[in-house]
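Only one structure is covered here, and it is reproduced in the block below.
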Amino acid sequence: MARSYAETMGLEFEAERLVRMGMQFIDFATRSPQLLELMYESELTSPAPDPALVEFQDQGHEALVKPVREALDGFSEEEIEVRVLALWSTIYGFASLRRKHMIQKVEPRELGRDEVTRKVVQVAVNAALGNLTS
């Protein structure tokens, strides 16, 4: 079924919003590595996350779920959650690998750092939205 112009524009808006959010998180991870580690890889998260931290993690999760849910109107909640999990895993994994200097040698040298980030996040968003914006 063909999408209307308004539906297509809505999908593109949500996709771009998710790309910006992903890029902002990766920028945060790069600029504030100690804070990122405290939030995701410290005694505050192991063996169980600190309840105060969980509140903020829930807010961040909902910030990702909302645009995916809006873009995938009619999809089951389970499908939306799986797609958000895959999106978040990609963004966090990329940020973590970059922060630990584990992927620089495989990043395309012809592209600037921001362009690589944008392309990686765009691929993740397209996958999460099922290429609905392509």
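The values are calculated or read from the model by the stated rules, or taken from the named source; none is laboratory data. In this text the structure is predicted, and so the values were computed from the model without any measurement. Glycine gets a Cβ as well: all are built from the backbone with ideal geometry, and neighbour counts include every protein chain shown. Areas reflect the complete protein model, heavy atoms only, side chains present, ligands, DNA and RNA absent. Shrake-Rupley method; radii C 1.70, N 1.55, O 1.52, S 1.80 Å.
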Practice task
Give me the number: length gained by fully extending residue 123 to residue 77, i.e. 0.36 nm times residue separation minus the C-alpha to C-alpha distance, one decimal in nm.
Solution key: 14.4 nm
Practice task
Sequence neighbours fewer than 8 away in the same chain don't count; with that in mind, list the aspartates and glutamates whose C-alpha is under 20 Å from residue 66.
Solution key: 7, 12, 14, 16, 55, 58, 77, 78, 79, 81
Problem - Neighbour count of at most 10 Cβ within 10 Å plus DSSP loop: longest trypsin sites (Lys or Arg not before Pro)-free window in the chain - result: 1-99
Exercise for the section: Rounded to the nearest 10 degrees, what's the angle between the helix 51-71 long axis and the longest principal axis of the chain, both from Cα atoms, 0 to 90? Expected result: 20
Fill in the blank from the handout: Taking 0.36 nm per residue of separation between residue 85 and residue 61 and subtracting their Cα-Cα distance, the length gained on full extension comes to 7.7 nm
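Which sequence of 14, 55 reflects their accessible areas, 1.4 Å probe, from the largest down? Show your work: numbers first, answer last.
Details: 14 15, 55 105 Å².
Descending order: 55, 14.
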Handout entry: residue 50 accessible area, 1.4 Å probe, all protein chains in place, Å² to nearest 10
Key = 60
Exercise for the section: Just reorder 82, 120, 68 by solvent-accessible area, largest first, 1.4 Å probe, all chains present. Expected result: 82, 120, 68
Handout entry: FRET efficiency for residue 50 and residue 111, using Cβ-Cβ distance with R0 set to 35 Å, rounded to 0.05
Key = 0.35
Problem - Pairwise label distance in nanometres, residue 43 with residue 31, each label 7 Å out on the Cα-Cβ vector - result: 2.9
Practice task
Any chance you could give the angle, 0 to 90 degrees and rounded to 10, that helix 113-128 forms with the longest Cα principal axis of the chain?
Solution key: 50
